[in-house]
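**Student:** I am attaching a structure below and will ask some questions about it afterwards.
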Amino acid sequence: MKRKNILKKILCPAIAAGLVLSLTACVMPLGQTKDLTSQSVEYVVANAPQVSSRKVVIKASPANIRSGAGKKYSVIARTSKGKEFAYLGSKKDKYGNVWYKIQYTSSKTGWIISSLGILTDTATTTTTTTQASEQPSSTTAVSSTTSSKTTTTTAAAKTKNVIISGNPVNVRSGAGKNYSKIGSTSKGKKFTLLDTKKDSSGTKWYKIQYTSSKVGWIMGTLAYIEGEKNTTQKTSEKVAYLTFDDGPSINTIKILDILDKYNVKATFFVIYHGKMKSKYQEIVNRGHTIALHSYTHDYSKIYKSEKGYYSDLNKIHDYVEDVTGVDSRIIRFPGGSSNTVSNRYNRGIMKTLKSSVEKNGYLYHDWNVSSGDAEGRNIKASKLLKNVKSGIGKQKVINVLMHDTGRSKMTTVEALPSIIEYIRKQGYSFEAITEDSTLIQHGRK
Ligand code: ZN
């Protein structure tokens, strides 16, 4: 999967920050007490004893970290869903938005809009990065490395090893797919087990001593504990991305309710609908990915020139950021990247745009399963389900195209429960698209 350099450059500091913070969570108060106290003068809501123990968990990707409590302040870093930062205080801007001050690296603080973060209670923040049980007295972050080494040498009787069964397997900075990838490993490799944890969807993760100085997390389904029966092993993982284009609409809430009922997260490639303003935030609030489709959806404007394309894309990008706070970099071209209609306005423009958006830090997603709901008005629900069934084939990762377009797509809403049930029955797990997701792009393998 191709990632853009620009994106990488921007994301790396934030990723590193997330890693450092997750490792140092229990230490921060010791080293930083003085700092925090001196800074607390400017906090509106913070109260000193809580400062050290509360966290802000990022709930959408990507999220901008700014130098001050307001959108007018510069973006100093970007972070992503699932990342956790020490909470330092909060403040309201003049529009009434609440901003959280966070410790985003060990030496830097920043601000994040509250619509993109969940502020945890003191009680829930203490044990997210517990050390292996062999080190009850472990109190400092630095010991994370040293203490786990101790495990392998002095507590041999208690040491368990994890053997990798998948190939290749990502090693991540935390127990969840939302955490950044810090490396990869392959089938048959053995690592010391440091901890086990379940993520919010109930998937088990193993904390391993990845290198002599680094720890990491691997998904439980891709490894097993040495000597224990390998029951959870799966050779492959099937992922389904449900995607809804052209919304929001009068159907959005109905779609969100169905997704909630099935506990499924999806992706909405939105366009501009001034009358649907509140629905953009609702998509984000319910944990889905809001992504960019077009402001006008007018091919004659979008595909006339590269300039025309960006003027439209920037408008929807900024509108979405204004109403939700999400700085989305995930896009879908109107008509898909393989559309030929664009040739009417500018021959060969898609080739130009495909490479151009990547250079500009955007990730474009097409689809590999179409519900066919765009082929007419209210195509029978049974036909939509049939299209999905025949479109899946043997594909391991599926991106299912549907539309959130109001009255002409009522049957999409009607078909959605049966589509979800069918896909789930085939063994797929549903995920919202993030910047780490597999790119399904027409004409690219
Ligand atoms: Zn569209």
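**Student:** Could you grab me the full set of residues in the range 162-196 that are in a loop (DSSP other than H, G, I, E, B), hydroxyl-bearing (Ser, Thr, Tyr) and under 25 Å from Lys81 (Cα atoms)?
**Tutor:** Answer for the range 162-196, where residues must be in a loop (DSSP other than H, G, I, E, B), hydroxyl-bearing (Ser, Thr, Tyr) and under 25 Å from Lys81 (Cα atoms): Ser173, Tyr179, Ser180.
**Student:** Something else about it: Given the conditions (1) of a type in the set (D, E, K, R); (2) in contact with a strand residue (DSSP E or B) (Cβ under 6 Å, 6 or more places away or on another chain); (3) under 25 Å from Asp312 (Cα atoms); (4) away from the ligand (no atom under 16 Å from the Cβ), and given that Asp245 satisfies all but one, which numbered condition is not satisfied?
**Tutor:** Failed condition: (4).
**Student:** So, of the residues in the range 305-318 that are over 28 Å from Leu256 (Cα atoms) and surrounded by 18 or more Cβ atoms within 10 Å (Cβ to Cβ), which turns out to be nearest to the ligand (Cβ to nearest atom)? Explain how you work it out, then say what you get.
**Tutor:** At the first step, the residues of the range 305-318 found to be over 28 Å from Leu256 (Cα atoms) are 305-311.
If we keep only those that are surrounded by 18 or more Cβ atoms within 10 Å (Cβ to Cβ) as well, we get 308-309.
Values: Gly308: 17, Tyr309: 14 Å.
Ranking the qualifying residues of the range 305-318, first place goes to Tyr309.
**Student:** Looking only at the range 280-300, which residues are over 20 Å from Pro334 (Cα atoms) and either within 12 Å of the ligand (Cβ to nearest atom) or of a type outside the set (A, V, I, L, M, F, W, C) (or both)?
**Tutor:** Of everything in the range 280-300, those that are over 20 Å from Pro334 (Cα atoms) and either within 12 Å of the ligand (Cβ to nearest atom) or of a type outside the set (A, V, I, L, M, F, W, C) (or both) turn out to be Gln281, Glu282, Asn285, Arg286, Gly287, His288.
**Student:** Does Arg329 satisfy the condition of being of a type outside the set (S, T, N, Q), in contact with a Gly (Cβ under 7 Å, 6 or more places away or on another chain) and under 25 Å from Arg444 (Cβ atoms)?
**Tutor:** Against the criterion (of a type outside the set (S, T, N, Q), in contact with a Gly (Cβ under 7 Å, 6 or more places away or on another chain) and under 25 Å from Arg444 (Cβ atoms)), Arg329 qualifies.
**Student:** Counting just the residues of the range 319-339 that are over 18 Å from the mean Cα position of the chain (by Cα) and at pLDDT below 95, which one comes out surrounded by the fewest Cβ atoms within 10 Å (Cβ to Cβ)? Before the answer, list the steps.
**Tutor:** First, the residues of the range 319-339 that are over 18 Å from the mean Cα position of the chain (by Cα): 319, 322-323, 333-339.
Those left that are additionally at pLDDT below 95: 322-323.
On the way: Asp322: 11, Val323: 18.
Across the range 319-339, the extreme among qualifying residues is Asp322.
**Student:** I would also like to ask the following. Tally the residues that are in contact with a strand residue (DSSP E or B) (Cβ under 7 Å, 6 or more places away or on another chain) and aromatic (Phe, Trp, Tyr), restricting the search to the range 279-333.
**Tutor:** 3
**Student:** Considering only the range 340-384, state which residues are among the hydrophobic types (A, V, I, L, M, F, W, C) and closer than 18 Å to Ser408 by Cβ.
**Tutor:** Just the residues of the range 340-384 that are among the hydrophobic types (A, V, I, L, M, F, W, C), to begin with: 341, 349-350, 353, 357, 363, 367, 369, 374, 379, 381, 384.
Those that are among the hydrophobic types (A, V, I, L, M, F, W, C) and closer than 18 Å to Ser408 by Cβ: Ala374, Ile379, Ala381, Leu384.
**Student:** Taking the range 183-201 as the search range and keeping residues that are farther than 11 Å from Ile164 by Cα and touching a Phe, Trp or Tyr at 6+ places or on another chain (Cβ under 9 Å), which one is surrounded by the most Cβ atoms within 10 Å (Cβ to Cβ)?
**Tutor:** Leu194
**Student:** For the range 389-445, how many residues meet the condition of being of a type in the set (Lys, Arg) and either in contact (Cβ under 8 Å) with a residue 24 or more places away in the chain or surrounded by 15 or more Cβ atoms within 10 Å (Cβ to Cβ) (or both)?
**Tutor:** 5
**Student:** Sticking with this structure for a sec: Take the residues of the range 52-94 that are surrounded by fewer than 24 Cβ atoms within 10 Å (Cβ to Cβ) and of a type in the set (S, T, N, Q): which is nearest to the chain's Cα centre (by Cα)?
**Tutor:** So, considering only residues that are surrounded by fewer than 24 Cβ atoms within 10 Å (Cβ to Cβ) and of a type in the set (S, T, N, Q), the one nearest to the chain's Cα centre (by Cα) is Ser80.
The values are calculated or read from the model by the stated rules, or taken from the named source; none is laboratory data. For clarity, every value in this text was computed on a predicted model and none was experimentally measured. Reconstructed Cβ throughout: ideal geometry from the backbone, glycine too, with neighbour counts over all protein chains shown.
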